[in-house]
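Asks: Pasting a structure here, questions to come.
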Protein chains: 2
Amino acid sequence: MDDDDQKVGAQLRVIVAPGIWIGPGKTALLQGIRETGSISAAGRSIAMSYKRAWYLVEAMNSHFDGPLVVASKGGRSGGGARLTPLGEEVLAAFHEMEALAQHAVEPVLRRLQERVRPRGEAAEAVPKGE
Amino acid sequence: MDDDDQKVGAQLRVIVAPGIWIGPGKTALLQGIRETGSISAAGRSIAMSYKRAWYLVEAMNSHFDGPLVVASKGGRSGGGARLTPLGEEVLAAFHEMEALAQHAVEPVLRRLQERVRPRGEAAEAVPKGE
């Protein structure tokens, strides 16, 4: 992820159970599959390799009590893919958690933003104390 | 980060301003500096290289309107380091945001946890739809 491209605010990664988490990468992939109807096209749209996109889909499908993504035909060698109702539910749950977290941290974040150095002002890197 | 080691719940990364963010790595480093009184010891305690620990400290110090960490003497070549009051404030603000986010996502997370496959049960990786 290129951090300069990120939206200001809370970014969430949720550990659902030990070894099972969902975060910006997996949800961008799910979103991309919904939009493109293809695992590899979804991967490409977020600069994720074909191999990693498949790996993440397989991981997600094995973590929940049903698949989040089904290959509509052809599977790995072509064809399309789509989200299942459970896939839609997991994606929506993540976005809901993001919005809730965003709203919850807002007052503290604003306080922190007041301490950010105005752009272009230089600072001594690691000043010596006494 | 080894994801299997992570605590269940929300993990936060906060983009405070464009290009300026704080997350689990930086806050673990700040915490480690507070506990060990040394940037390199803090880095070691979280399996972070000396070079990266210094890089992150310098980045954080340049992002806020004062340093978060000061080298107490010797600087890079030895000596100690400690958090400034601003460093303590940023660390506390992050922990506060984590707690707020955790609390906010809780009901949705619980709903999601009900959909997690019981451990040890196998799943078809990417099933074919119609």
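Asks: 7 Å from Cα along Cα→Cβ at both A:E106 and A:R82: what's the point-to-point distance in nm?
Replies: Distance between the two pseudo-spin positions: 3.6 nm.
Asks: Taking a probe of 1.4 Å and counting only protein heavy atoms, give the total accessible area buried between chains B and A in Å², rounded to the nearest 100.
Replies: 5500
Asks: Express in Å², to the nearest 10, the accessible area of B:H103 obtained by rolling a 1.4 Å probe over the protein heavy atoms while all chains stay in place.
Replies: Answer for B:H103: close to 150 Å² accessible.
Asks: Across peptide A:16-22, what mean number of C-beta atoms from other chains lies inside 10 Å of a residue's C-beta?
Replies: The shielding value for this peptide is 6.
Asks: Right, something else. Out of B:I39, B:L83, B:Q102, whose Cα points farthest toward the positive end of the dipole of the stretch B:17-113 (charges: +1 Lys, Arg; -1 Asp, Glu; placed on Cβ)?
Replies: Of the candidates, B:I39 comes out farthest on the positive side.
Asks: Another one. Going by a ≥ b ≥ c, the root eigenvalues of the Cα gyration tensor, does the stretch B:9-79 fall in the rounded group (a/c under 1.5), the prolate group (a/b larger than b/c) or the oblate group?
Replies: oblate
Asks: Next question, about the same structure. Given a Förster distance of 30 angstrom, what is the FRET efficiency for B:Q6 paired with A:R34, based on the Cβ-Cβ distance and rounded to 0.05?
Replies: With R0 = 30 Å, the Cβ-Cβ based efficiency is 0.65.
Asks: While we're here: For the stretch B:17-113, what is the accessible area per residue in Å², given a 1.4 Å probe and the full set of protein chains?
Replies: I get 43 Å² per residue for the stretch B:17-113.
The values are calculated or read from the model by the stated rules, or taken from the named source; none is laboratory data. The structure presented is a predicted model; accordingly, all values stated were derived computationally and were not measured. Glycine also receives a Cβ, built like all others from the backbone with ideal geometry; neighbour counts cover every protein chain displayed. The accessibility values were calculated without ligands, DNA or RNA, using every heavy atom of the protein model including side chains. Shrake-Rupley method; radii C 1.70, N 1.55, O 1.52, S 1.80 Å.
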